[in-house]
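Novice: My questions will all concern the structure given below.
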Amino acid sequence: MNKKIYALFIFSVLSTALFSQTADSTASQPIDTIAQQKAEGKKAVQDPWGSTMLIDAQTSLIPSKGSVELVIQHRFSNLSNNIHDLFGLYGASNIRMSLSYSIIDRLMIGFGTEKDNKYQEFFAKGKLLEQNRSGSIPLSLTLFGNATICARETSYYGKDFKNIDRFSYFADLIIARKFCKAFSLEASVNYSHYNKVESKEVSDTVINPDDPFLSIIHIHYNPIYQNDVLGASAGARINFYKGMSFLLEYDQGFYMKKATAEELKPKPNFGIAYEITTSTHCFQIFASNYRGIIPQQNSVKNQFDFTTSKGWMLGFNITVRFN
Amino acid sequence: MRKLITLFFAVALCGTFFISCEKKTIDLGSTDKPYNPSTAGDSVRFSTVIIPLFATNCTGCHYTGTGGRNPSLESGVAYSNLTATPGLYINVSVPNSSYLYVHISENPSSHGGNQFGTDVTNPILQWITQGARNN
């Protein structure tokens with residue numbers, strides 16, 4: 001009798017446990033899965049780009065909160081000397097190094113320094129809208145801006161020099177979408193402003209009709225660039241195998257007023273790159289037409305023409321991220 | 001806190017732009033200079049020394065119009081007449097071989113007997129030596 005009671009007790013306990021477990025799991029599974037799915041869907045798409053830089057343009061990528069990113073950008077000389085300087089590899093190069101920090105997931109600030117024109121760049125990038133995995137937000141909207149100080153010698157800026165002559169600014173609104181693991185696309189509109197632009201000497205002879213010996217030569221300086229330029233750019237990333245991708249980029253600056261005879265219209269940039277990415281590094285090697293590296297320098301003053309071989313140069317970007 | 005930080009940087013960036021924004025061109029020294037400049041060392045200027053010499057001593061024969069001898073050395077046309085054909089009257093490389101100088105200074109004179117003294121020939125030689133500018 002005791003054995004029967006004992007067996008019945010054990011059976012009851014086990015069946016209760018079994019039924020309760022079954023009853024519990026049947027009741028909890030749908031709720032956990034739906035919540036998990038919702039949470040998963042709200043997350044941002046993963047790695048739409050390998051780096052915060054495309055080739056010369058900014059991408060919509062901002063590293064996660066607390067990340068420190070080091071970027072080294074190198075542009076070799078153009079191809080004008082062919083083999084004589086190993087297609088620009090041994091020619092005069094331009095370099096920029098920058099360090100940035102993500103204050104929060106959606107905001108990054110940084111500082112960069114460039115060689116050719118000694119630009120000291122203070123920049124920030126913030127994400128206004130982030131594409132998520134569920135697709136309810138199909139695009140990312142990112143705003144990038146910089147304020148740059150050109151540290152060239154004072155005499156470069158001519159008469160009436162003031163420190164604000166050195167300042168230039170750039171603002172960029174980037175719209176991007178990751179279509180799938182293999183393909184991401186972005187387009188942007190941007191605005192560049194230089195406080196003071198370069199000029200060329202122009203002389204006009206003003207003849208005095210009453211006495212030619214009193215005629216004068218009026219020497220003045222006309223600008224060769226405009227202070228304000230509107231720009232557009234587009235870029236794509238084609239991820240063909242694991243961390244390897246091809247990058248394409250096109251950038252163009254537009255004068256906001258009709259160009260005078262002396263003004264040099266900015267020439268566009270076309271770039272093609274090969275990229276290798278890991279979780280903490282990104283290496284891009286490319287051919288493009290922009291030497292300036294600083295975005296407003298490129299957008300306003302680029303004179304390298306991609307329709308001629310002399311307008312091309314090789315370059316590379318290295319991005320290192322410390323999480 | 002996050003919003004505060006974001007707002008701070010947005011204001012800082014915009015503020016930098018609006019506070020220190022201008023639109024200028026590099027000017028390396030706009031200036032007006034005389035069409036016929038004299039250098040600091042020009043002691044004999046064409047307009048103030050040579051033209052008056054011509055008026056006193058030459059334009060009696062060397063004038064524009066019927067009967068005038070070439071070249072006309074009147075005020076408005078003297079310089080262009082003397083310099084129209086390079087080397088014909090003036091040789092800045094070898095000033096004392098300039099026909100303008102030789103013709104009025106050599107002895108015996110080839111200038112119809114009109115040999116001028118140093119009060120006339122020296123300033124002309126000095127002017128040619130200083131580059132024969134239209135100053």
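The values are calculated or read from the model by the stated rules, or taken from the named source; none is laboratory data. Everything quoted here is computed from the prediction, not taken from an experiment. So basically every Cβ, Gly included, is an ideal-geometry build from the backbone, and we count neighbours across all protein chains shown.
Novice: Does region A:163-181 contain any residue that is in a strand (DSSP E or B), within 14 Å of chain B (Cβ to nearest Cβ) and more than 30 Å from A:Cys282 (Cβ to Cβ)?
Specialist: Checked region A:163-181: at least one residue is in a strand (DSSP E or B), within 14 Å of chain B (Cβ to nearest Cβ) and more than 30 Å from A:Cys282 (Cβ to Cβ).
Novice: Anything in region A:110-142 that is part of a strand (DSSP E or B) and surrounded by fewer than 18 Cβ atoms within 10 Å (Cβ to Cβ)? List them, or say none.
Specialist: Passing the criteria: A:Phe111, A:Thr113, A:Gln120, A:Phe122, A:Leu128, A:Leu129, A:Asn132, A:Leu141.
Novice: May I ask you to verify whether A:Arg133 is farther than 26 Å from A:Val45 by Cβ, in contact with an Asp or Glu (Cβ under 7 Å, 6 or more places away or on another chain) and more than 10 Å from chain B (Cβ to nearest Cβ)?
Specialist: Spelling it out, it is not the case that A:Arg133 is farther than 26 Å from A:Val45 by Cβ, in contact with an Asp or Glu (Cβ under 7 Å, 6 or more places away or on another chain) and more than 10 Å from chain B (Cβ to nearest Cβ).
Novice: Residue by residue through region A:143-161, note down the ones that are outside any strand (DSSP E or B) and at the interface with chain B (Cβ under 8 Å from one of its Cβ atoms).
Specialist: Passing the criteria: A:Tyr156, A:Tyr157, A:Lys159, A:Asp160.
Novice: Here is a list: A:Tyr255, A:Tyr250. Which entry is away from chain B (no Cβ under 14 Å), of a type in the set (Ser, Thr, Tyr) and surrounded by 14 or more Cβ atoms within 10 Å (Cβ to Cβ)?
Specialist: A:Tyr250
Novice: Could you tell me which residue of region A:182-201 is nearest to the other protein chains (Cβ to nearest Cβ), considering only residues that are crowded, with 16+ Cβ neighbours inside 10 Å and either more than 14 Å from A:Asn227 (Cβ to Cβ) or touching a Cys at 6+ places or on another chain (Cβ under 6 Å) (or both)?
Specialist: A:Asn190
Novice: Further question on the same structure: Could we say that B:Tyr79 is in contact with a helix residue (DSSP H, G or I) (Cβ under 7 Å, 6 or more places away or on another chain) and away from chain A (no Cβ under 14 Å) here?
Specialist: Against the criterion (in contact with a helix residue (DSSP H, G or I) (Cβ under 7 Å, 6 or more places away or on another chain) and away from chain A (no Cβ under 14 Å)), B:Tyr79 does not qualify.
Novice: Looking at (1) in contact with a Phe, Trp or Tyr (Cβ under 7 Å, 6 or more places away or on another chain); (2) closer than 30 Å to A:Phe179 by Cα, can you tell me which one A:Ser199 breaks?
Specialist: A:Ser199 satisfies every listed condition except (2).
Novice: What's the number of the condition B:Ser80 fails, among (1) assigned to a loop (DSSP other than H, G, I, E, B); (2) of a type outside the set (A, V, I, L, M, F, W, C); (3) surrounded by 11 or more Cβ atoms within 10 Å (Cβ to Cβ)?
Specialist: (1)
Novice: Those residues that are assigned to a loop (DSSP other than H, G, I, E, B), closer than 18 Å to B:Phe54 by Cβ and within 25 Å of the chain's Cα centre (by Cα), I need them from region B:86-130; list them, please.
Specialist: B:Leu88, B:Tyr89, B:Ile90, B:Ser98, B:Gln130
Novice: Listed residues B:Ile51, B:Ile104; which is farther than 30 Å from A:Glu198 by Cα, modelled with pLDDT of 90 or more and of a type outside the set (Asp, Glu)?
Specialist: The match here is B:Ile51.
Novice: Are any of the residues in region B:98-121 out of contact with any strand residue (DSSP E or B) (no Cβ under 7 Å at 6 or more places or on another chain), under 26 Å from B:Pro34 (Cα atoms) and surrounded by 14 or more Cβ atoms within 10 Å (Cβ to Cβ)?
Specialist: No, region B:98-121 has no match at all.
Novice: When region A:269-323 is examined, which residues are found to be surrounded by fewer than 22 Cβ atoms within 10 Å (Cβ to Cβ) and part of a loop (DSSP other than H, G, I, E, B)?
Specialist: A:Thr278, A:Ser279, A:Thr280, A:Gln303, A:Phe304, A:Asp305, A:Phe306, A:Thr307, A:Thr308, A:Trp312, A:Asn323
Novice: Then there's this: Please specify each residue of region A:98-109 satisfying the condition of being outside any strand (DSSP E or B) and at pLDDT 95 or above.
Specialist: Once the filter is applied, which keeps residues that are outside any strand (DSSP E or B) and at pLDDT 95 or above, region A:98-109 yields nothing.
Novice: If I ask for residues that are more than 8 Å from chain B (Cβ to nearest Cβ) and at pLDDT 85 or above, which ones from region A:203-234 would you list?
Specialist: The answer is A:Ile224, A:Tyr225, A:Gln226, A:Val229, A:Leu230, A:Gly231, A:Ala232, A:Ser233, A:Ala234.
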